[in-house]
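Notes for the one structure printed next.
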Amino acid sequence: MRITDKICKEASQLPEELAREVLDFIGYIQAKHGLLDFQIEQLRQTQEPAMYHVWDNMEDEVWNDL
């Protein structure tokens with residue numbers, strides 16, 4: 001089993017609030033190591049609550065894995 005599969009398995013067993021902490025920590029590690037643009041990530045996180053109903057719908061499920 002790959003480490004990413006292990007992380008997914010463990011994170012999927014956490015309550016939603018703790019899983020979000022794990023996700024935030026992953027974002028921190030990505031930013032720390034220059035793997036993402038911190039300003040763009042902050043913008044995405046700011047937009048997420050308002051755009052959730054647009055981004056998470058059955059009509060565009062095919063795009064989720066791209």
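Every number in this text was worked out from the coordinates using simple rules, so none of it is lab data. Please read all numbers here as calculations on a predicted model, not as lab measurements. Here Cβ is always computed from backbone atoms with ideal geometry, including for glycine, and neighbour counts include all displayed protein chains.
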Work out the FRET efficiency for TYR52 and MET1 from their Cβ-Cβ distance, taking R0 = 30 Å, and round it to the nearest 0.05. 0.45
Taking 25 °C and 0.890 mPa s as the conditions, I'd like the Stokes-Einstein D for the chain in µm²/s, using the Kirkwood hydrodynamic radius from alpha carbon pairs. 177
With just the Cα atoms defining each centre, how far is the stretch 1-16 from the stretch 17-60? Give it in Å. 17
